[in-house]
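Comments concern the structure below.
The values are calculated or read from the model by the stated rules, or taken from the named source; none is laboratory data. It should be emphasised that the depicted structure is a prediction, and the values quoted were computed from it without experimental measurement. FYI the Cβ positions are ideal-geometry reconstructions off the backbone, even for glycines, and counts take in every protein chain you see.
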Amino acid sequence: MTTIKLSDAAILSFDGEVLEFFPNWRIHIAQLKKFELVTDRGGKHILSIASIFSGKDVAVDENMIPKITQFIAEVQNAKAGFQFD
């Protein structure tokens with residue numbers, strides 16, 4: 001399981017199939033539509049997460065970018081290899 005603290009109010013956790021955004025959002029990777037780090041015109045970094053049901057955008061400090069990039073790659077790799085039995 002991988003866990004990252006984005007802020008006092010935002011924690012991400014991934015167990016290989018379920019992405020959790022604490023305090024109150026869980027999504028299975030099969031339902032994940034977008035999970036990416038974007039930079040707006042002002043240079044602000046944003047983690048954008050969208051499922052088939054809803055979405056969230058979370059501001060990311062620049063010093064967290066390496067960890068977030070690795071976390072995104074882990075989730076994307078798991079999603080690419082996921083198959084239902």
Subject >> Residue selected from the stretch 49-58 under the condition over 13 Å from L6 (Cα atoms) and in contact with a Leu (Cβ under 9 Å, 6 or more places away or on another chain), by the criterion modelled with the lowest pLDDT >> reply: K56
**OP:** Any residue in the stretch 7-18 that's within 28 Å of F84 (Cβ to Cβ) and in contact (Cβ under 8 Å) with a residue 24 or more places away in the chain: show its pairings with residues that are surrounded by 11 or more Cβ atoms within 10 Å (Cβ to Cβ) and among the hydrophobic types (A, V, I, L, M, F, W, C) at Cβ separation under 6 Å, as long as the two are six or more apart or on different chains.
**Re:** L12/I4; L12/F21; F14/V75; G16/A78; E17/I29
**OP:** Name, by its number, the condition in (1) within 21 Å of E17 (Cβ to Cβ); (2) touching a strand residue (DSSP E or B) at 6+ places or on another chain (Cβ under 9 Å); (3) hydrophobic (A, V, I, L, M, F, W, C) that does not hold for F84.
**Re:** (2)
Subject >> Residue pairs meeting the criteria (Cβ under 7 Å; at least 6 apart or on separate chains; first within 16 Å of M1 (Cα to Cα), in the stretch 59-76; second among the hydroxyl-bearing types (S, T, Y)) >> reply: F71/T2; E74/T2
